[in-house]
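Enquirer: One structure, as structure tokens, below. Some questions next.
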Protein chains: 2
Amino acid sequence: MNLRQLSEELGLSQTTVSRALNGYPEVNEATRQRVQAAAEAHNYRPSQQAKSLATGKSMQIGHVIPFSAQHDMVSNVVFSDFIGGAGEVYAQHGYDMLLSMVNFDDEERAYRELVRKGSVDGMIVHGPTQDDPRIALLKELDIPFFVHGRSTHVTTPYNYLDVNSKSAFRRATDFLLDLGHERIGLINGSERMDFAQRRRAGYEAALTARGIAIDTDIMRSNEMTEPYGFSAACEMLTSENPPTAFMASSIVPALGIRRAIESQNLTVGRDVSVICFDDAISYMPNGEGEPIFTAARSSVRDAGRRCAELLIAQIADPTADPVSELWDAELVVGRSTGPAPKKD
Amino acid sequence: MNLRQLSEELGLSQTTVSRALNGYPEVNEATRQRVQAAAEAHNYRPSQQAKSLATGKSMQIGHVIPFSAQHDMVSNVVFSDFIGGAGEVYAQHGYDMLLSMVNFDDEERAYRELVRKGSVDGMIVHGPTQDDPRIALLKELDIPFFVHGRSTHVTTPYNYLDVNSKSAFRRATDFLLDLGHERIGLINGSERMDFAQRRRAGYEAALTARGIAIDTDIMRSNEMTEPYGFSAACEMLTSENPPTAFMASSIVPALGIRRAIESQNLTVGRDVSVICFDDAISYMPNGEGEPIFTAARSSVRDAGRRCAELLIAQIADPTADPVSELWDAELVVGRSTGPAPKKD
DNA sequence: CGCGGCATCCAAAGCGCTTTGGAAATGATT
DNA sequence: AATCATTTCCAAAGCGCTTTGGATGCCGCG
């Protein structure tokens, strides 16, 4: 059942039926009722492709997800919650989400294709690196886009929403320093990512401000998995000068750190303290009620919602100036932190 | 730059240019070269909507993800890995993935719309329940679809790929029984899900075969989060007749169970054994090398790949008979299991 | 009574592609 | 040289929608 058939059956022109269905004023209310009833009865839905071709809007928003044998973004812990939040907002506005999975090497081509093909009206950029080339690319392609995170060294303005990773890690590290910890391990995410750089900067700033030297022996950077947290923490704990506290970039490696601590017959929050960044991942919540880990918390799902809203606004008015938001993480105190143990 | 402009510039008809680009034989090889070069030079990509409108194929595959305030599928641990695998295969075949996020109540409508609008050429059904209504719906809508999992009580044939959950849990429970455990807790996923029912059936079958009574006091069912595993295990461990072993439906609650065991100053694999189902989630791997948990393992990413392949085959030949695959999980032995502790 | 204004509807022209049904040119065959 | 098959190309008709630019009829008003 298409528009022509429907209009013939109603004895109306396609114009009128289309207008009736799309809520235009120049159609008699009685006629509109009749049209809507008929459309309902035949379960009529306008063809999205025809509609898109006529209007020039695809009503789809693109997310490009690079993958490789080693790692990929979709398996990044925070990704699924982010798109969950974004997807909600898309749905409210009649948009669908287009996910394009591509090899790392083909990423640029994927952006180009999606835009040139006209498959999407806007795009979200995930996991920006420093000086991320995708920002310039999308500007060149002249399509609305929104960055989840920030890209250091990109000077032209662009739309982004980021959490203030540096101040979050600065504060969290200060919190440990205030508890008397002087040797604090950093178990960071992959420092290809801009946010990981910022977290390290916050960590280092806090140490430096107290006159504690940066020691790369107790600093790691990698994809944020549980075994990574475990092995990194094990190495440090069994070293000559083990840390008394850890800063972790996500709750996932933090779970590994916990396992490492307990495997050394030490107790979390007493012998060794742990603070992590908590993205409030829905299936990996930081406890119910009292937090498991003392953490810098910021909901990635909320970020997804907000990015989607702002992107849709940008699509609606592409001439609007770029907007940016910088969210502060909140520091929640759980049972994973305590005073530094007395030295022997 | 569209087809007309390109063809005018080349002094050729749209027909010839289109055919040259799409690899049809009735075009001179020299001409084809010239066309391809020009297309490349102008960075020309045919409009997807126009193409879809003309061919009737959207080259998109739909995934409907219901969400609610409580839980949603996208945040389900296994989901992101599944779509990661599926997305790879889609990309290889020129398909894109369309994700539609909808309220639980609107799920049926979402399927209807996506199909009627012509936005998708096929669909994947996630997380089937018993007697899942979506199967009948998609048959009525007459669109190729593929189910990840199975739906008990649906008698008409349909495409699916499932892991033999029952036999996996049967074998795993037998493994614990062989180690002398007689009181084994079950920390299952939500039993709205078909697979959770099957896992429980496997667990119960193993117990019954040894003449051990089913005791619902040590059986739980819920969304598979870490805190759920923790609190469920805590309750059981502090009860009058605590289990000496646990079966968990995923590695995520298993991590919670581990935390619960250690919070009771007990040791995993010595005082209390744990076996979980391991979906081989990429950022939550079951250790590196030696498994953390003894587990029934089956890669959900591989399942995603395979579902995508089979769905694409079905789209290519919609008259083909439904296919189904039932994968066996492998039982991998880690450090989380050991002989039942001697009774006092 | 004639005219402007309003409400309601419609014919037709796109949107950018694919594909059908030839046409023209070329080469091979008799 | 005439015929026929091939190769190579093209004009034009869709695909199903939106939207422009009227047309029609009806009303009130001077």
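Enquirer: So if I check each of A:V332, A:V300, A:V323, which one is out of contact with any Cys (no Cβ under 7 Å at 6 or more places or on another chain), more than 16 Å from B:R259 (Cα to Cα) and within 14 Å of chain B (Cβ to nearest Cβ)?
Expert: Result of the check over A:V332, A:V300, A:V323: A:V300.
Enquirer: Now a separate question. If I ask for residues that are more than 20 Å from A:L266 (Cβ to Cβ), within 9 Å of chain A (Cβ to nearest Cβ) and among the hydrophobic types (A, V, I, L, M, F, W, C), which ones from the stretch B:242-294 would you list?
Expert: Matches in the stretch B:242-294: B:I251, B:V252, B:I281, B:M284.
Enquirer: Name the residues in the stretch B:22-40 that are surrounded by fewer than 19 Cβ atoms within 10 Å (Cβ to Cβ) and within 14 Å of chain A (Cβ to nearest Cβ), would you?
Expert: Of everything in the stretch B:22-40, just one residue is surrounded by fewer than 19 Cβ atoms within 10 Å (Cβ to Cβ) and within 14 Å of chain A (Cβ to nearest Cβ), namely B:E40.
Enquirer: Among the residues of the stretch A:97-113, write down those that are assigned to a strand (DSSP E or B) and at pLDDT 95 or above.
Expert: Once the filter is applied, which keeps residues that are assigned to a strand (DSSP E or B) and at pLDDT 95 or above, the stretch A:97-113 yields A:M97, A:L98.
Enquirer: Those residues that are among the polar types (S, T, N, Q) and buried (at least 18 other Cβ atoms within 10 Å of the Cβ), I need them from the stretch A:3-21; list them, please.
Expert: Within the stretch A:3-21, A:S7, A:T16, A:S18 meet the criteria.
Enquirer: Still on this structure, please answer the following. Do you know which residues across the stretch A:104-133 are in contact with a Ser or Thr (Cβ under 7 Å, 6 or more places away or on another chain) and of a type outside the set (V, I, T)?
Expert: Those that are in contact with a Ser or Thr (Cβ under 7 Å, 6 or more places away or on another chain) and of a type outside the set (V, I, T): A:F104, A:A110, A:L114, A:K117, A:G118, A:S119, A:D121, A:P128, A:Q130, A:D131, A:D132.
Enquirer: For the stretch B:244-259, which positions are surrounded by 23 or more Cβ atoms within 10 Å (Cβ to Cβ), under 20 Å from B:L331 (Cβ atoms) and not basic (K, R)?
Expert: Answer for the stretch B:244-259, where residues must be surrounded by 23 or more Cβ atoms within 10 Å (Cβ to Cβ), under 20 Å from B:L331 (Cβ atoms) and not basic (K, R): B:A245, B:F246, B:M247, B:A248, B:S249, B:S250, B:I251, B:V252, B:P253, B:A254, B:L255, B:I257.
Enquirer: Here's something else I'd like to know. Need the failing condition index for B:F169 against (1) away from chain A (no Cβ under 14 Å); (2) open to solvent by 10 Å² or more (accessible area, probe 1.4 Å), just the number.
Expert: Every listed condition holds for B:F169 apart from (2).
Enquirer: Take the residues in the stretch B:87-96 that are at negative phi and either among the aliphatic types (A, V, I, L, M) or outside any helix (DSSP H, G or I) (or both); name whichever of them is farthest from the other protein chains (Cβ to nearest Cβ).
Expert: Out of the qualifying residues, it is B:H93.
Enquirer: Scanning the stretch A:1-17 for residues that are farther than 24 Å from B:L141 by Cα and within 7 Å of DNA strand D (Cβ to nearest atom), which turns out nearest to the other protein chains (Cβ to nearest Cβ)?
Expert: A:Q14
Enquirer: Exactly one of (1) more than 7 Å from DNA strand C (Cβ to nearest atom); (2) closer than 28 Å to B:D121 by Cβ is unmet by B:N22. Its number?
Expert: Here B:N22 meets the rest and fails (1).
Enquirer: Which of the residues that make up the stretch A:111-126 are more than 7 Å from chain B (Cβ to nearest Cβ) and over 24 Å from A:D162 (Cα atoms)?
Expert: Residues satisfying the conditions are A:R112, A:L114, A:V115.
Enquirer: Got a sec? Which strands (runs of 3 or more DSSP E) wholly within the stretch B:260-344 have at least 3 residues that are open to solvent by less than 60 Å² (accessible area, probe 1.4 Å)?
Expert: Ranges flagged: B:273-278, B:294-297.
Enquirer: Which ones in the stretch A:282-328 are more than 22 Å from A:F246 (Cβ to Cβ) and of a type in the set (G, A, S)?
Expert: A:S282, A:G289, A:S299, A:A303, A:G304, A:A308, A:A313, A:A316, A:A320, A:S324
Enquirer: Could I ask something else about it? Quick one: which of A:T129, A:T156 is farther than 24 Å from A:Y228 by Cα, more than 10 Å from chain B (Cβ to nearest Cβ) and surrounded by fewer than 20 Cβ atoms within 10 Å (Cβ to Cβ)?
Expert: A:T156
Enquirer: Looking at B:M59, B:M1, which one is within 22 Å of A:S52 (Cβ to Cβ) and modelled with pLDDT under 90?
Expert: B:M1
Enquirer: So A:P46 ticks every box in (1) modelled with pLDDT under 95; (2) on the phi < 0 side of the Ramachandran plot; (3) within 15 Å of DNA strand D (Cβ to nearest atom) but one. Which box is left unticked?
Expert: Against the list (1) modelled with pLDDT under 95; (2) on the phi < 0 side of the Ramachandran plot; (3) within 15 Å of DNA strand D (Cβ to nearest atom), A:P46 comes up short only on (1).
Enquirer: Just one of the numbered conditions (1) within 16 Å of DNA strand C (Cβ to nearest atom); (2) touching a strand residue (DSSP E or B) at 6+ places or on another chain (Cβ under 7 Å); (3) open to solvent by 20 Å² or more (accessible area, probe 1.4 Å) is not true of A:R192; which one?
Expert: (1) is the only condition that A:R192 fails.
Enquirer: Residue check: is A:V27 among the β-branched types (V, I, T), near DNA strand D (Cβ under 8 Å from one of its atoms) and more than 23 Å from A:M97 (Cα to Cα)?
Expert: No; evaluated as a whole, the condition is false for this residue.
Enquirer: Is the stretch A:65-83 home to any residue that is over 24 Å from B:I281 (Cα atoms), open to solvent by less than 40 Å² (accessible area, probe 1.4 Å) and either in contact (Cβ under 8 Å) with a residue 12 or more places away in the chain or within 13 Å of DNA strand C (Cβ to nearest atom) (or both)?
Expert: no
Enquirer: Separate question: Test A:D178 against the criterion of being farther than 22 Å from A:V323 by Cβ and open to solvent by less than 50 Å² (accessible area, probe 1.4 Å), and give yes or no.
Expert: Here the answer is no, as A:D178 does not meet what is asked.
Enquirer: Which one of A:G185, A:G202, A:G180, A:G127 is at pLDDT below 95 and not basic (K, R)?
Expert: Going through A:G185, A:G202, A:G180, A:G127 in turn, the sole match is A:G127.
The values are calculated or read from the model by the stated rules, or taken from the named source; none is laboratory data. Everything numeric in this text was worked out from a predicted model, so none of it was measured. Because the Cβ atoms are built from the backbone with ideal geometry, glycine has one as well, and the counts that use them run over all protein chains shown. Side chains included, ligands, DNA and RNA excluded: accessible areas come from the protein's heavy atoms. Shrake-Rupley method; radii C 1.70, N 1.55, O 1.52, S 1.80 Å.
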